[in-house]
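What follows draws every value from the coordinates through simple rules; no lab data is involved. The model shown is predicted, which means the values in this text are computed figures rather than measured ones. For neighbour counting, all protein chains shown are included, and Cβ atoms are generated from backbone atoms with ideal geometry for every residue, glycine included.
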Amino acid sequence: MKRFILSVLLLSLLLSACNKAAEPTAGVATETLPTETTPPSPTPTDTPEPTPAAEAFTQYQFEMTLDYSRHSAEVIQIIDYVNKSDFNLASLLLVVPPRAFPNAYQQSELSGEAVASFIEDGIRTTIQLSQPLQPGQRATLRLAYKLVFPQRESTFGWTQRQLNLHNWYPFFPPLSGENTWISHDPLFDPAINDFVGEYITNEIADFQLTLRLVENIPGLLVASGANADPIADGVLYTLNKARSLAFSISGQFYREQIDHNGLLIQAYVFEYQKEKAVAMLQIASQAMDLFGEIFGPYHQNQISLVSADFLHNMEMDGMVMLSSKVLDFYNNTPENNLTILVPHELAHQWFYSQVGNDQAMEPWLDEALATYAEYLFYEHYHPELTVWWWDNRVHAHPHAGAVNNSIYDAGNYAEYRSSVYLHGAIFVHDLNVSMGDQLFLPALKSYVAQNYLKIATKADFMAALQAASPDVDIQAIFGRYFSD
Ligand SMILES: [Zn+2]
């Protein structure tokens, strides 16, 4: 019995969409279904910076020396922060996600000419500035720390066959229009032994990381969403206009890649999964084609898909991770979780990466849309399977509750999936049917274009729909699925 329960738990965890999503399908056996110094601040008399506003992103630069075998890294990080708000900032909030894990983050330096003092509290460090940072001004921060990765099957931690680095470095969150930092607490769900959904909201930034290894490990491969350029003693990773910089590293990866109309698509699977890489790349190229058509162009020149040594799936920027179990159960038919979940995670390159949102408070803005993108994928490539998709993906599971639940409203993963993902997909389908494809799909594309590289809200989404469809009562449709 215990074994059965474990099997059910395993299945229910691995069939998930992005975070702790799971598509537990009824049949366990059947696999049916079932990613210093402060530069001189411009004084009020300085002329405006020549840099175009569109280029004024915060810059993150890292020097990382990784000890893969001992699961640790020494990091020097320099953040050139730009105040993109309309407010004078007397202090800055730095979020340090690895401090959610005991002893994982050991800081030896936090300095900068603009820093007067700082206070650490949980995952947050509040930095008092020596003088307020005005809109458009920059402040440079230098950090030195050691990461001691926790042993856990998740997006931050190591297992016997993989090291995952997601949300691994200190960052400055976005400021809301009300001049408050968008920073929330993680919510742990013991049922999945992980956090519920995501609690981090990232501003668009530019990233550069130099990776060096303390020892040469033959066969070690590094997957990331960044462009990799070999340098004398390591590799330089560059990723611009991105929400985050993540890595997945393994000595057991097999890599296969294609150049798909100028887009580099890379699959990193475990060696025993070699024969699954082609299917992964093929589904990915179909999804990138369709979403580029429907949502607008993909803005990076590469995407990596990575087999994960954990039981859920996760989007990063320029990279997605799919549970290795999803690959294991791939059966060369589209009636399969790989065909469902690759499009889901790739849709997040639009709904998370290109258009950001507060993933803790308004998770439906990326998750309901990414789940519905699965349907759009089936409708386009496998129209005979749309009923199957609804039955297996949505109706076979609880699919109720307020679509606009925050992760805290949901309270646990099961409720989160039911309301935000699955009821969320039904909600988006209702919008589509009410407006019709000819209005709905262009509205989605407008939403992406209007909110490109921003943090969108419900109001932005509604505005795009209403503008495209003045004769449909969009508010009334929202009213059927949202709580106030
Ligand atoms: Zn997702």
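Between the stretch 89-131 and the stretch 421-441, what is the separation of their alpha carbon centroids in Å?
Their Cα centres are 43 Å away from one another.
Based on alpha-carbon positions alone, could you give the equivalent ellipsoid semi-axes of the stretch 56-251 from the gyration tensor, as √(5λ), descending, whole Å?
Equivalent ellipsoid semi-axes, largest first: 28, 20, 15 Å.
Take each of the peptides 334-344, 257-267, 137-147, 422-432, average the number of other beta-carbon atoms within 10 Å over its residues, and list them starting from the highest.
So the peptides 334-344, 257-267, 137-147, 422-432, ranked by packing, come out 334-344, 422-432, 137-147, 257-267.
Divide, for the stretch 390-484, the radius of gyration over alpha carbons by 2.2 N^0.38 Å, where N is the residue count.
Rounded to two decimals, the normalised Rg is 1.12.
So how do 370-380, 409-419 stack up, highest first, on mean other-Cβ count within 10 Å?
370-380, 409-419
Can you give the direction-averaged projected area of the convex hull of the alpha-carbon atoms in the chain, in nm²?
23.0
Any chance you could count the Lys pairs in the chain whose alpha carbons are under 27 Å apart, treating pairs 8 or more apart or on different chains as valid?
Step by step, the pairs that qualify in the chain add up to 20.
Can you give the three extents of the C-alpha atoms in the stretch 273-410 along their principal axes, from longest to shortest, in whole Å?
Largest to smallest, the principal-axis extents are 42, 36, 31 Å.
Any idea what the relative contact order of the stretch 94-237 is, in percent, if you count C-alpha pairs under 8 Å spaced at least 6 apart? Let's see the in-between values first.
Values: 193 pairs, mean separation 26.0, N = 144.
For the stretch 94-237, the relative contact order is 18 percent.
Please report the antiparallel percentage of the DSSP beta bridges confined to the chain, to the nearest 5.
75
222 nm [θ] for the chain, helices only, -39500 (n - 2.57) per DSSP H run of 4+, per residue, to 500? Intermediate results must be reported in sequence, preceding the final value.
Details: 12 runs with 124 residues, N = 484.
Dividing the helical sum by the residues of the chain leaves -7500 deg cm²/dmol.
To the nearest 20 debye, what is the magnitude of the charge dipole of the chain about its Cα centre, counting +1 on the Cβ of each Lys and Arg and -1 on the Cβ of each Asp and Glu?
Here the chain has a charge dipole of around 820 debye.
Please report, for the Cα atoms of the stretch 114-168, the Rg to one decimal and the Dmax as a whole number; what are they, in angstrom?
Calculated on Cα positions, Rg and Dmax stand at 16.4, 48 Å.
How about the stretch 151-235: which GluC sites (Glu not before Pro) there are in a DSSP loop, with at most 13 other Cβ atoms within 10 Å of their Cβ?
E178, E215
7 Å from Cα along Cα→Cβ at both N193 and D233: what's the point-to-point distance in nm?
3.9
Expressed as a whole number of Å, what is the distance separating the alpha-carbon centroids of the stretch 308-329 and the stretch 248-274?
13
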